[in-house]
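Down below is the structure, laid out as structure tokens.
The values are calculated or read from the model by the stated rules, or taken from the named source; none is laboratory data. Remember, it's a predicted structure, so these values are computed and weren't measured experimentally. Backbone-built Cβ (ideal geometry, glycine too); neighbour counts: all protein chains shown. SASA here: full protein model, heavy atoms, side chains in, ligands and nucleic acids out. Shrake-Rupley method; radii C 1.70, N 1.55, O 1.52, S 1.80 Å.
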Amino acid sequence: RKIFSRVLNTIGGFLNDLGIRPNVITLFGLFGNFIAAILIGMGHLTWGGLLAMVIWPLDALDGTMARLRGEDGNYGSFIDSTPDRYSEIAIYGGLMVHFIRQNQALGIVLAFLALTGSLMVSYTRAKAESLGYSAKNGWFSRAERYIVLMPGIIFRRPDISLWILAVMTYFTALQRFFYVRRQARQILTEDSNHKE
């Protein structure tokens, strides 16, 4: 988002001028990812992966549009992030259906592990921030997960991507867990020193 902020600002400003609301872009992205998931589940991995890759920048665009409109508060962030989880679940769900149709038990397990690991990465940040901690650290946020997953789907080797994600998403969740733990201990130490 930082690298392409100027492009996003230009496109976002143009769409705002047309009267298109950020939520429309969010829903369009969600719908596109569901179509991609259906294609993947039917075995059209390359087309599904290409569609998901084209739709992915909308995740950054809707947030940019909301910021330019001054609608990027807590509720706007909630509206933006919730469909993102559904989109990710849909893509992994499509992969599970694909592996079920191919009778590949290992692929089903890998897709399940990658999905649950991805959700835990998002959950640890959400829970930490709800308690007043920061948890944006870690190697495999949503952007990195897509960068790894999409080539595997497009080139019809999702198993390779899923192996990486099955390991690294859980590692990232642990990174965030220990990062929050460090913050909590630091706060306790500071409170103890203050009382003394």
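When Trp47 is tested against (1) open to solvent by 30 Å² or more (accessible area, probe 1.4 Å); (2) of a type in the set (Phe, Trp, Tyr); (3) under 23 Å from Ser141 (Cβ atoms), only condition (3) is not met.
The sole residue among Ala111, Ala66, Ala128, Ala143 that is within 16 Å of Asn33 (Cβ to Cβ), part of a helix (DSSP H, G or I), open to solvent by less than 20 Å² (accessible area, probe 1.4 Å) and of a type in the set (Gly, Ala, Ser) is Ala111. Cβ-Cβ contacts under 8 Å between residues 6 or more apart (or on different chains), taken from a first residue in the range 131-154 that is over 15 Å from Arg176 (Cβ atoms) and touching a residue at least 60 places away in the same chain (Cβ under 8 Å) to a second residue that is surrounded by fewer than 17 Cβ atoms within 10 Å (Cβ to Cβ) and polar (S, T, N, Q), are listed as Ile153/Thr46; Ile154/Thr46. Inside the range 69-105, residues that are among the aliphatic types (A, V, I, L, M) and either surrounded by fewer than 19 Cβ atoms within 10 Å (Cβ to Cβ) or touching a strand residue (DSSP E or B) at 6+ places or on another chain (Cβ under 8 Å) (or both) make up a count of 5.
Entry remark, the range 50-60: residues being closer than 13 Å to Ala143 by Cα and open to solvent by 20 Å² or more (accessible area, probe 1.4 Å) number 5 in total.
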